[in-house]
1. Per the Kirkwood definition applied to all pairs of different Cα atoms, how many angstroms is the hydrodynamic radius of the chain?
2. Quick one: plug the Kirkwood hydrodynamic radius of region 1-48 (C-alpha pairs) into Stokes-Einstein at 10 °C, 1.306 mPa s, and report D in µm²/s.
3. Mind putting a number on the dipole of the chain about its Cα centre? Charges go on the C-beta only, +1 for Lys and Arg and -1 for Asp and Glu, and I need it in Debye to the nearest 20.
Amino acid sequence: MSASFTPGPWRHASNAYGCQFVQHGDTGLICGGNNHDTLQEVNARLIAAAPDLYGALSYYAEQFCEFGASNEGCGKFSEDVCSGCKARAALAKATGA
Ligand SMILES: [Zn+2]
C-alpha cells in the first residue's frame, strides 16, 4: 500500500498563545487550530504521529488474514476482525482507498 501524503516526520508545536500546530520540518504547516484546550493538543499530537503510525500499521497490513488469504471469513462469524484486516481497513480510511 502506498501513501501520497507529506512524508514524516511531523511534529506537534504550539505558539505563545497556545495555538496548536502540526508541522513538517520547521516551516511546513500540516494543520493547526486556534483553540487552546487540552483536547486539541492531544489531537494535534495524534496527527503528528500519523506518518509513524502509518508506517507501523503497514507491517500488519501485509500480514495474511487469520481466516485465510481470501479474507472472506474475517468478521463473518463474530464481530472480531483479525489485526491484519483491521490494519488494512485503517490504512484504506487514511488513504481514501
Ligand atoms: Zn482478517
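Here, each number is a calculation from the coordinates, and none is a lab measurement. Everything numeric in this text was worked out from a predicted model, so none of it was measured. No Cβ is skipped: glycine too gets one built from the backbone with ideal geometry, and neighbour counts run over all protein chains shown.
1. Working: mean 1/r = 0.0656 Å⁻¹.
Kirkwood radius, the chain: 15.2 Å.
2. Details: Rh = 11.1 Å.
Reported coefficient: 144 µm²/s.
3. Details: 6 positive and 9 negative charges, 29 e Å.
The dipole magnitude comes to about 140 debye.
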